[in-house]
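To start, the structure itself, in structure tokens.
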Amino acid sequence: MTTTDDTISEYLTRYADSLTAFDAETAAGLWSTPGTIVNDRSSGVLESHDAMIDGLRQSYPIYQRLGLASVGFELRERRDLSDRLVLVRVRWLFFDAGGAQLTDTDSYYLLRDEDAVGLQACVCVETDAAEKLQALAAARGVDLTAAP
């Protein structure tokens, strides 16, 4: 049972909507556990649904201080690895309250089609999020090291 582009887009729409709403519970529900996030500087494994919720909640104040009001996406690439595993490259688009694009980032997700719940992220590889968010913070005069 190969995952369709429509199924992937529906999944990414739910994920983008949960990020727009700063809804950590819904976003965490779109992840398998353990979930792994990797970037140029670090790797992390979130062992439980509660740990995923906490991790997501910790990132929200940064996005709010940067003026994030909504999230969109472009599905840039997909590669079926098996009947249930698909690797996708997603360009996330971050917008302010007026609809102007603040920045974008590219990430790869390993998604698994799980019988009971549908697609779940297992691994996220962030390729440029840290650099682009830091550049946005500098452009907006936001100190990301300061407490919110």
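Quick one: which residue in Thr36, Thr13 is of a type in the set (Val, Ile, Thr) and open to solvent by less than 50 Å² (accessible area, probe 1.4 Å)?
Thr36
Determine the pairs where a residue that is without any contact (Cβ under 8 Å) to a residue 24 or more places away in the chain, located within region 42-71, has a partner that is part of a helix (DSSP H, G or I) and exposed (fewer than 15 other Cβ atoms within 10 Å of the Cβ) with Cβ atoms under 9 Å apart, the partner being 6 or more residues away or on another chain.
Leu46/Asp54; His49/Glu25
Given (1) open to solvent by 50 Å² or more (accessible area, probe 1.4 Å); (2) touching a strand residue (DSSP E or B) at 6+ places or on another chain (Cβ under 7 Å), identify the lone condition not met by Gly98.
Among (1) open to solvent by 50 Å² or more (accessible area, probe 1.4 Å); (2) touching a strand residue (DSSP E or B) at 6+ places or on another chain (Cβ under 7 Å), the lone unmet condition for Gly98 is (2).
Condition first: free of Cβ contacts under 8 Å to residues at least 24 places away in the same chain and aliphatic (A, V, I, L, M). Now tell me which residues in region 88-110 satisfy that.
Hits for region 88-110 are Leu93, Ala100.
Working only within region 113-129, note down all residues that are exposed (fewer than 15 other Cβ atoms within 10 Å of the Cβ) and either outside any loop (DSSP other than H, G, I, E, B) or of a type in the set (Lys, Arg) (or both).
Of everything in region 113-129, just one residue is exposed (fewer than 15 other Cβ atoms within 10 Å of the Cβ) and either outside any loop (DSSP other than H, G, I, E, B) or of a type in the set (Lys, Arg) (or both), namely Glu114.
With respect to the numbered conditions (1) open to solvent by less than 30 Å² (accessible area, probe 1.4 Å); (2) at positive phi, which one is the sole condition not fulfilled by Phe22?
In the conditions (1) open to solvent by less than 30 Å² (accessible area, probe 1.4 Å); (2) at positive phi, Phe22 misses (1) alone.
Is it the case, given these coordinates, that Val86 is open to solvent by less than 20 Å² (accessible area, probe 1.4 Å), under 20 Å from Ala28 (Cα atoms) and touching an Asp or Glu at 6+ places or on another chain (Cβ under 6 Å)?
Here the answer is yes, as Val86 does meet what is asked.
Can you tell which of Gly55, Gly67, Gly44 is at positive phi and open to solvent by less than 50 Å² (accessible area, probe 1.4 Å)?
Just a single option satisfies the conditions, and that option is Gly67.
The values are calculated or read from the model by the stated rules, or taken from the named source; none is laboratory data. Source: prediction; values computed, not measured. All Cβ positions, glycine included, derive from the backbone under ideal geometry; neighbour counts span all protein chains shown. Each accessible area value is taken on the protein alone, full model and side chains, heavy atoms only, with ligands, DNA and RNA left out. Shrake-Rupley method; radii C 1.70, N 1.55, O 1.52, S 1.80 Å.
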